[in-house]
Amino acid sequence: IEQARPVLMRMGEALFHCGELGCGQAMKLTNNCLAAAILAATCEALVTGVRAGLSRDLMREVIAGTMAANAALSTSLPKKALSGDFAPGFMVHLAHKDVRLALELAHSLGISTPLGNATFATLGDARTRGMERDDISSVLRLREQEGGIEVRLPQTR
């Protein structure tokens, strides 16, 4: 690992040794599955709240001070979907693949994954609606279409 560190550090900002062979892949898959689930749940909450009459900005402020605070709401959604940018960063079809692989790993270990399954289905819906090559934050657009509203930041209107 130390010999490869200079090359590996050109690919990212941090390097973690996760253990024996396969542990790094397990870390990647479980992290990507969790990130996708958090993003999907956050998009659902925002669209539901705005559709129910809440202010998007108030929701973001309240959530930021609670246990529901997350990086999707504070960082990735404002940079991407809330700003109307659905250009690929981490594409829906790649997230769908990683969630599938994470579910297969969990099931092979005898662990049930109801939330992972729901995330997989959500990403599948985005794929079938033509968003497979868009950023994973396109899940917001999926929920906006269902709710008949937009939950974008003001500069995109």
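The values are calculated or read from the model by the stated rules, or taken from the named source; none is laboratory data. On a predicted model such as this, the values are computed, not experimentally measured, just so you know. Cβ: placed from backbone, ideal geometry, glycine included. Neighbour counts: every protein chain shown. Heads up: the accessible areas ignore ligands, DNA and RNA and are worked out on the full protein's heavy atoms, side chains in. Shrake-Rupley method; radii C 1.70, N 1.55, O 1.52, S 1.80 Å.
Of all residue pairs spaced 6 or more apart or on separate chains, those with beta-carbon atoms under 6 Å, a first member in segment 17-34 that is farther than 23 Å from HIS96 by Cβ and open to solvent by 40 Å² or more (accessible area, probe 1.4 Å) and a second member that is of a type in the set (A, V, I, L, M, F, W, C) and in a loop (DSSP other than H, G, I, E, B) are HIS17/ILE1. Looking at segment 40-157, the helices (runs of 4 or more DSSP H) lying wholly inside it that each contain 2 or more residues that are crowded, with 21+ Cβ neighbours inside 10 Å and over 12 Å from the mean Cα position of the chain (by Cα) sit at 139-147. Within segment 73-85, being in contact (Cβ under 8 Å) with a residue 40 or more places away in the chain and not acidic (Asp, Glu) holds for SER76, LEU77, PRO78, LYS80, ALA81, LEU82, SER83, GLY84. Residue pairs whose Cβ atoms lie under 7 Å apart, separated by 6 or more positions or on different chains, with the first residue in segment 142-157 and of a type in the set (Val, Ile, Thr) and the second open to solvent by 70 Å² or more (accessible area, probe 1.4 Å) and at pLDDT 95 or above, are ILE149/ARG51.
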